[in-house]
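Just below is one structure, and these are the notes that go with it.
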Amino acid sequence: MMPDILPGMAGLASRYDAFILDLWGVIHDGTKPYPGAADTLARLKEMGKATVLLSNAPRRTGALIEAMTKMGIGRDLYGAVMSSGEAMYLELKSRANPDFARLGRRLYYLGPDRDRNVYEGLDYKDSPLEDADFVLNTGPVDFSDSVADYEDVLRRAARRSLPMLCANPDITVIRLGDPVVCAGALAQRYRELGGQVIERGKPDPAIYPTCLDALDLKPGQKALAIGDGLHTDIQGANAADIDSALVVGGIHLSELGMAWGEMPDAKGVVKLLSSHKGRPRFILPAFVW
């Protein structure tokens, strides 16, 4: 079924009671808010709409809130926050899941220092790759790095059959208008090399009940998930049986050959959806009112 193409949130706000919002690609580009995003959050708040921010960022929620505050997105504009990094931290802490219970305590950390809070303070020891029990992947160290830059590390880990924990299933995000490789791309290559990957975050539907609990929906009330990634945000919402809206001003913008904020046409949307599995109910040019 062809999604409805809408110019903004004004036509959706009254149709849903709550909203599950992606961050990078919807609210901000990693460095600054998108035009109109903070205003749209404020309008939803004025209407009494509950919101949860759900991000595949490989860091804990406190770091996300701090970063948004520095960007000028006030903490009073949104509700609860959940991230794939927070989900990974909780799994590493509890070790209740069998995949995590089987892990040793020596980890090889693959990622930038800013994301070490995914495991800091827990009972794990940083180790060189040859001594590690598993790899904890939060993504490339530098925004300019490619998957090829990590080929040697990935091959060495695969030869040892080390499990890889991936704290961000995203393949790429858009930063300052350019694609940036994420942890999901490294995990994808690791699978190609025969490695085992354990992920947390979208599109895994297991992360959505936490969001729905935070929204405290009453019987009959409905939530809408909004994101810019068909293979993460939209597929995850599909799997959790939650209506979704795709913002095309994020990672799929170049596929559509459009400028940010431009209204997509039906032909372009059909072509985009034919190349991906996620099926949104609505299409938005951006998270604007």
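The values are calculated or read from the model by the stated rules, or taken from the named source; none is laboratory data. Please read these numbers as outputs of a predicted model, since none were measured by experiment. Neighbour counts are summed over all protein chains in view; Cβ atoms, including those assigned to glycine, are modelled from backbone coordinates with ideal geometry.
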Only listed residue being touching a residue at least 40 places away in the same chain (Cβ under 8 Å), closer than 23 Å to Thr61 by Cα and buried (at least 20 other Cβ atoms within 10 Å of the Cβ), chosen from Ile283, Ile207: Ile207
Residue check for Lys45: assigned to a helix (DSSP H, G or I), farther than 19 Å from Ile20 by Cβ and among the basic types (Lys, Arg): no
Of all residues in the stretch 66-82 being touching a residue at least 24 places away in the same chain (Cβ under 8 Å) and of a type in the set (Val, Ile, Thr), the one that is surrounded by the fewest Cβ atoms within 10 Å (Cβ to Cβ): Ile73
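Every residue, every condition in (1) part of a loop (DSSP other than H, G, I, E, B); (2) buried (at least 22 other Cβ atoms within 10 Å of the Cβ), yes or no:
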{"site": "Val52", "(1), (2)": "no, yes"}
{"site": "Leu64", "(1), (2)": "no, no"}
{"site": "Asp115", "(1), (2)": "no, yes"}
{"site": "Gly121", "(1), (2)": "yes, no"}
{"site": "Asp142", "(1), (2)": "yes, no"}
Among residues of the stretch 151-207, those that are farther than 16 Å from Met88 by Cα, acidic (Asp, Glu) and either in contact with a helix residue (DSSP H, G or I) (Cβ under 7 Å, 6 or more places away or on another chain) or in a helix (DSSP H, G or I) (or both), counted: 3
Inter-residue pairs, beta-carbon under 9 Å, first outside the structural domain of Glu130 (by TED's automatic domain parsing) and in the stretch 155-166, second surrounded by fewer than 19 Cβ atoms within 10 Å (Cβ to Cβ) and of a type in the set (A, V, I, L, M), 6+ apart: none
Positions within the stretch 241-270 being modelled with pLDDT under 95 and small (Gly, Ala, Ser), in sequence order: Gly249, Gly250, Ser254, Gly257, Ala259, Gly261, Ala266, Gly268
